[in-house]
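Chemist: Shown below is the structure under consideration.
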Amino acid sequence: PILFSIFPILFIFSNNTSHLSWEQIQGPTLWTLLLTVTVWFSLKILYSNVYKAAIVTSWLVVLFFSYGPAYDFLGDIQSTFPSHWLLFSLWLRLGTLGILALNRCHETIKTLSHAANWIALCLLGPSLLMLLTQSWVGAVSFSMDTALAMEEELPLPEGQYEKPNIFY
């Protein structure tokens, strides 16, 4: 569940390293990890089975992080998509059905847990590889001060006496 919970944050960060710094993703990452570990250990106490708790937590994390993109996708298909209530009720049903199906699994739960870990690693792999290659290449992280300093170095076009403020 921990790998599934950090995947969306690392994915977004790896695609936006020129706009974001490590400090900006620390807060969301810590909150996500704290909530995931809390749910995981609560379910571990409830189920008395760490593998089943991990699978259920992973399922809940996947549902949580996929809700927004699903809503956006449905909104793009049909511009008059009613509201969150329709999708939310569908997501509640999916969550309930997934948990009920996992509760019926007994012998294969450890195998499912290992498979989920491999899936999460496969999802994280490209993002981690992108972060590593960008750090080796020496990608520059721009801050507001860096951007303003670069703007000051640029010459003004002819006939323009003041640079426009694009950082408002």
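We did not get these values from a lab; they are worked out from the coordinates using the rules stated. Here the structure is a predicted model, which means the values were calculated and not measured. Here the Cβ positions follow ideal geometry from the backbone for every residue, glycine too, while neighbour counts run over all protein chains shown.
Chemist: Return P(r) of segment 1-109 (all Cα-Cα pairs; 10 Å bins starting at 0; whole %; ordered from short to long distances).
Modeler: 13, 34, 32, 18, 2
Chemist: Between residue 117 and residue 31, take the C-beta separation as r, use R0 = 22 Å, and let me know the FRET efficiency to the nearest 0.05.
Modeler: Plugging the Cβ-Cβ distance into 1/(1 + (r/R0)^6) gives 0.45.
Chemist: Sort the following peptides by mean Cβ neighbour count (other Cβ atoms within 10 Å, averaged over residues), highest first: 93-99, 104-110, 31-37.
Modeler: Working: 93-99: 13.1, 104-110: 11.3, 31-37: 15.4.
The densest-packed peptide leads the list: 31-37, 93-99, 104-110.
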